[in-house]
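Here the structure is laid out as structure tokens; the discussion comes afterwards.
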Amino acid sequence: MDAIPTRALAAKDVEVKSISAYGIARSTVSEKPLDAEEIRKYNAWFKASMYLCLGMLYLRENPLLKEPLRVEHLKARLLGHWGSDAGQAFTWMHFNRLIKKYDLNALFVSGPGHGAPAVLSQSYLEGVYSEVYLEMSENEEGMRRFFKQFSFPGGVGSHATPETPGSIHEGGELGYSISHAFGTVFDNPSLITLTMVGDGEAETGPLATSWHSTKFLNPLIDGAVLPVLHLNGYKINNPTILARISHEELTALFVGYGWTPYFVEGSDMESMHQAMAATLEHCVLEIRKYQKEARDSKKAFRPRWPMIVLRSPKGWTGPRKVDGKLLEGFWRAHQIPIPDVATNPAHLKILEDWMKSYNADEAFGKDGKLIPELKALAPEGNARMSANPVGNGGLLRKPLHMPDFRKYALPNIAPGISNLGSMTNMAKFLRDIVAKNLTNFRVFGPDETESNKLGEIYKAGKKVWMGEYFEEDQDGGNLAMEGRVMEMLSEHTCEGWMEGYILSGRHGLLNSYEPFIHIIDSMVNQHCKWIEKCNEVEWRVKVASLNILLTATVWRQDHNGFTHQDPGFLDVVANKSPEVVRIYLPPDGNCLLSVTDHCLRSTNYVNVIVADKQDHIQYMNMEEAIEHCTKGVGIWDWASNDQGEDPDVVMASCGDVPTHESLAATALLRELLPQLKIRFVNVVDLFKLISNVDHPHGMSDKEWSSVFTQDRPIIFNFHSYPWLIHRLTYKRPGQLNLHVRGYKEKGNIDTPLELAIRNQTDRFSLAMDAIDRIPTLHNKASGVREKLLNMQIAAKTQAYENGIDPAYITAWRWPYPVKE
């Protein structure tokens, strides 16, 4: 191989040095706002922060190292992460100066994984932690308890968990810091959310899309997010991508996203203090300039908002090497920096000397309380970021001004005959909720609000759009700089926005096609975990529920094909704690109104509503719908003929399309086998099926038996995968009599009936199934069964030939008179 020319090697060396985390500070902003005394104080604060971080990782006794460090002072199991702590604490403390100087309203979001030591250290130094947890007092014993509880049984985790004052973002799963941060500042014009983005986190898809959030941020009515991309260079055992590309490429990336990046790079402490202080101040003034311009002129525009790229060594201020192997500035600093201190006396001594180099005795004095001159660096009261009420959004939450949903009722319902649009009608209800709550309610979704028949909302609030406008946008574009609907074709970003919006004290609804809600499975999972832990933290005030409306459902995705057919999100949600999740499948429009009203009024839940967007047969007037939704499950007397007698079979359904097919099957059975006594049951609250021992919504076994019987066959037509119903009902009396039909992962480009037939949820399959299960029929209904099979084949053949289902299928209505 040819040798690389010397000039090329030299140029390459210069380029590598330019992206090194070491050396005198290199920064875009050149001012030096700090005097020598301020630098001394901030350096002392920083060293106190690092001491607390190490103490959390290692110590359970001897918190001020008044005694020589011994193994018995250490935690038996060392857990936690060191790598990002220095950069986060460094950023936090310098922003504190600006909070005091400019009377800022600020929140901190910690994006790097396991970054809790940095956040907790700041909360403790500011005094907030001791105010919230009195036993973690600002003295030697309080510090000991503070250290011991970290990543310790009965204590707190290594993320910014719900127990962390001021936190709305745990950071257990990476990728959501920016979208959460933007959620907090929408409709929050005074707030600046300072957001640390880990360079590992920056490699995730959700984080990558969330940089586009500036295209939806209006400086007239919203606050601002100040991201600090922390390039410390390494993940667990690998370099990070953004830390290994040139300044030119990194700048181009963020300019392309619409940001103005400012660099702060280096390891020399004195010059880094000046550079970070100057850069943060420059960014704050730039944010305020944009906001003033918009608010003075009352004209919205999209600025190129500032962001900071902070490049500092991973595990900054730790030993550069231990036993000749790199530690600071390398991947070994990611987790516990020296893991064998309990078994290696030399390493224990290194740890002791390292911790003592932070001069904790000077910062905390003999009694363990931060000395007054350092305490004075922190803001006071709720101006402290860890005390900001936004970080405990329930304190700020105000109930929605809700119109009376009953006024939106679909009128004059003929059960099983009226055919109307449930979703288009419910959109009028949402329209008026938006109109009555123009500063604390938003609708979120990935480019599907119009498609999901919710376009009526635009009459109260259009789609937020801060990008360029074309003339054709006036022809149904429904775009506005001050809109109320947030649409971006990233489910992750929409969900992150809504979570941040809700956790900071507001309300929201996300609408999505059912098949692609799976994209945010893990996000919803994390939110459920957050809410469940919040329920255990007594100072956490309840926030509005996270409401997800799933439409364009599996049974009407026949035309889009197999890729669009997946109702399995319900399985994901059903796995979560019964304390925090609810699933509703309203069978018709008035039930949809009742359920939506209930969900939007609730707190601390994840509510999932499943309702198709097409026109469907209606079954109940409003009074009946309210009764049905209140019960959650009920016998439909008008569709049953077993009054006063034991039924031969129970036909049950859950979901709008399955209910339609189940009713059609019931009508076929009554026509062809009129001697049968059939009970029809509908389920709207899925968790009514669980035993009341296991879920607060569950029915008792007596209630179950009174509805479903203990000894009669139940043909249950379900919206989603059938196995879920068996899971929920596994201990019910007569469970062996329960036969569930649902989506079985069989799909193609079909008609609606063909898709149902593939999965045995069609009327003919259900009727044949009932015949097969009713013991009193023996073999007497074989001719009827054969006729049903022939009807099914004929309908399927016509669909193949004509491309649509026959009219007697699509125009089917309930054929029996309904008693008033």
Q: Kindly provide the pair-distance distribution of segment 26-382 built from C-alpha pairs, with 20 Å bins from 0 and whole-percent values in order of increasing distance.
A: 31, 59, 10, 0
Q.
To test your reading of the geometry: what angle, between 0 and 90 degrees and rounded to tens, separates the Cα axis of helix 247-257 from the longest principal axis of the chain?
A. 40 degrees
**Q.** Volume per residue of the C-alpha convex hull in segment 43-159, rounded to whole Å³
**A.** 110 Å³
Q.
How many angstrom lie between the Cα centre of segment 529-606 and the Cα centre of segment 53-93?
A. 41 Å
Q: Please give the per residue accessible area of the chain, computed with a probe of 1.4 Å over protein heavy atoms only, in Å².
A: 38 Å²
Q | Simple spin-label estimate for R727 and S18 in nanometres, 7 Å along Cα-Cβ | A | 5.4 nm
Q: Evaluate the Debye formula for segment 396-616 with equal point scatterers sitting on the alpha carbons, no solvent, and hand back log10 of I(q)/I(0) at q = 0.07, 0.10, 0.17 Å⁻¹, in q order, two decimals.
A: -0.21, -0.43, -1.28
Q: Could you run the Karplus curve 6.51 cos²θ - 1.76 cosθ + 1.60 with θ = phi - 60° over segment 719-727 and give me ³J(HN,Hα) per residue in whole Hz, x for Gly and Pro?
A: 5, 10, 5, x, 5, 5, 5, 5, 4
Q: Provide Rg and Dmax in Å for segment 662-759, with only Cα atoms included in the calculation.
A: 14.9, 44
Q. For segment 329-435, what number results from the quotient of the Cα radius of gyration and 2.2 N^0.38 Å?
A. 2.36
Q: Please figure out what share of the DSSP beta bridges in the chain is antiparallel and state it in percent, rounded to the nearest 5.
A: 20 percent
Q. How do 43-51, 196-204 rank on mean C-beta neighbours within 10 Å, highest first?
A. 196-204, 43-51
Q) If you find the alpha carbon centre of segment 150-224 and of segment 460-516, how far apart are they in angstrom? A) 19 Å
**Q.** Rg [Å, one decimal], Dmax [Å, integer] - segment 682-819, C-alpha atoms
**A.** 17.2, 52
Q. Mind checking the dipole of the chain: about its Cα centre, +1 per Lys or Arg Cβ, -1 per Asp or Glu Cβ, Debye to the nearest 20?
A. 840 debye
**Q.** Karplus-derived HN-Hα couplings along segment 466-473 (A = 6.51, B = -1.76, C = 1.60, θ = phi - 60°), whole Hz, x at Gly and Pro
**A.** 9, x, 6, 10, 10, 4, 5, 4
Q. Along segment 646-651, what does the Karplus equation 6.51 cos²θ - 1.76 cosθ + 1.60 (θ = phi - 60°) give for ³J(HN,Hα), rounded to whole Hz, x for Gly and Pro?
A. 6, x, 7, 7, 10, 9
Q. By how many degrees, between 0 and 90 and to the nearest 10, does the Cα long axis of helix 345-356 differ from the longest principal axis of the chain?
A. 80 degrees
Q.
Given a 1.4 Å probe and heavy atoms of the protein chains only, how would you sort W638, W305, W465, largest accessible area at the top?
A. W465, W638, W305
Q. For D772 and K436, what is the calculated FRET efficiency with R₀ set at 41 Å and r taken between the beta-carbons, to the nearest 0.05?
A. 0.20
Q) R0 = 35 Å: FRET efficiency of E248 with N139, Cβ-based, nearest 0.05? A) 0.10
Q) Taking every pair of alpha-carbon atoms in segment 539-584, what share in percent sits in each 5 Å bin, from 0 to the bin with the longest distance? A) 5, 16, 22, 20, 14, 11, 6, 4, 2, 1, 0
Q. How do the peptides 535-545, 796-806 rank, highest first, by the average count of neighbouring beta carbon atoms within 10 Å per residue?
A. 535-545, 796-806
Q: Summarise the accessible area of segment 304-460 (1.4 Å probe, protein heavy atoms) by the percent that is carbon and sulfur.
A: 52 percent
Q: Identify all lysines with a Cα-Cα distance to K631 below 26 Å; exclude those on the same chain that are fewer than 8 residues away in sequence.
A: K407, K428, K542, K576, K613, K677, K688, K702, K731, K819
Q: Taking P(r) over Cα pairs in 10 Å bins from 0, in percent as the quantity of interest, determine which of (1) 2, 13, 20, 20, 16, 13, 9, 5, 2, 0; (2) 3, 14, 24, 26, 20, 10, 3, 1, 0; (3) 2, 11, 18, 22, 20, 13, 7, 3, 1, 1, 0, 0 was computed from the displayed structure.
A: (1)
Q.
What is the angle, in °, between the Cα long axis of helix 422-436 and the longest principal axis of the Cα atoms in the chain? Nearest 10 is fine, range 0 to 90.
A. 40 degrees
**Q.** Apportionment of accessible area to carbon and sulfur, segment 141-214, percent (1.4 Å)
**A.** 54 percent
Q.
Given the -39500 (n - 2.57) contribution per DSSP H run of 4+ residues, what per-residue ellipticity at 222 nm results for the chain, rounded to the nearest 500 deg cm²/dmol?
A. -11500 deg cm²/dmol
Q. Can you give me the Cα centroid spacing of segment 701-769 and segment 633-683 in angstrom?
A. 13 Å
Q: With N set to the residue count of segment 162-215, report its C-alpha Rg divided by 2.2 N^0.38 Å to two decimal places.
A: 1.14
Q: Would you please give the residues with an amide H less than 5 Å from that of A652, counting only those at least 5 places away or on a separate chain, with H modeled from the backbone geometry?
A: V681, I715, F716, N717
Q.
Given a 1.4 angstrom probe, I'd like the percentage of the accessible area of segment 651-800 that is carbon and sulfur, rounded to a whole number.
A. 51 percent
Q: Starting with the highest mean, order 561-573, 509-521, 261-273, 343-355 by the number of other Cβ atoms within 10 Å, averaged over the residues of each peptide.
A: 509-521, 261-273, 561-573, 343-355
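The values are calculated or read from the model by the stated rules, or taken from the named source; none is laboratory data. No experiment lies behind these values; they were computed from the predicted model shown. All Cβ positions, even for glycine, are placed from backbone atoms using ideal geometry, and neighbour counts span all protein chains on display. The accessibility values were calculated without ligands, DNA or RNA, using every heavy atom of the protein model including side chains. Shrake-Rupley method; radii C 1.70, N 1.55, O 1.52, S 1.80 Å.
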